[in-house]
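The values are calculated or read from the model by the stated rules, or taken from the named source; none is laboratory data. Just so we're clear, the structure is a prediction, and the values are computed from it rather than from any experiment. Ideal geometry is used to build each Cβ from the backbone, glycine not excepted, and the neighbour counts take in all protein chains shown.
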Amino acid sequence: WGSRIGYLSILAMVFLWYPKMKLYFLTEDPTVFWSTGLLSAAGILSAYWISRGLGFSQMVARTLSFETGIQNAPLAFAIISLNLPKETAQSIGWIPLVYGALSVGNAALFTLTYRLQDRYSPKKTPDQAISNSLPRAS
């Protein structure tokens, strides 16, 4: 049930956010959207490969990739709204919202990628997955 609720949440976000973001999509420079989307994807990919390079299991690397790639939008919005004058915050506050919206799409894309990878890779028992989740000793 958890994954079904997650998929429904993603669809709800898309349908709720698109009408609010439509004006920005039509009026702002497309490089803003490309850069915010690629920032999230780069965070996910770099965290995954750095974690794997440090010896963490695939399961832990995936968790770290999501924590790194999609957790920063609320923090950015809070920093902007708490530290900048109201007029400035209102004029640039939409950028973290776009980042949040695009990171949801990236999360869905990487979740699908990880699921497909699981489907076509050799199966491990739960004990093997847990014992392999700690970094390897040198």
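Remarks
- Scanning the range 7-32 for residues that are among the hydroxyl-bearing types (Ser, Thr, Tyr), modelled with pLDDT of 75 or more and surrounded by 11 or more Cβ atoms within 10 Å (Cβ to Cβ) returns Ser9, Tyr24.
- The one condition from (1) surrounded by fewer than 18 Cβ atoms within 10 Å (Cβ to Cβ); (2) touching a residue at least 12 places away in the same chain (Cβ under 8 Å); (3) of a type outside the set (Lys, Arg) that Ser57 does not meet is (1).
- Options Arg4, Arg62, Arg52: the member that is exposed (fewer than 11 other Cβ atoms within 10 Å of the Cβ) and either basic (Lys, Arg) or at positive phi (or both): Arg4
- For first residues located in the range 85-97 and within 20 Å of Gly37 (Cα to Cα), partners that are part of a helix (DSSP H, G or I) and lie 6+ apart or on another chain with Cβ distances below 6 Å form the pairs Gly93/Ile80; Trp94/Tyr24; Pro96/Ala73; Pro96/Ala76; Pro96/Phe77.
- Selected residue [touching a helix residue (DSSP H, G or I) at 6+ places or on another chain (Cβ under 9 Å) and at pLDDT 75 or above] from Arg119, Arg62: Arg62
- Residue match in the range 78-92 (condition: assigned to a helix (DSSP H, G or I), closer than 24 Å to Tyr18 by Cα, β-branched (Val, Ile, Thr) and at pLDDT 85 or above): yes
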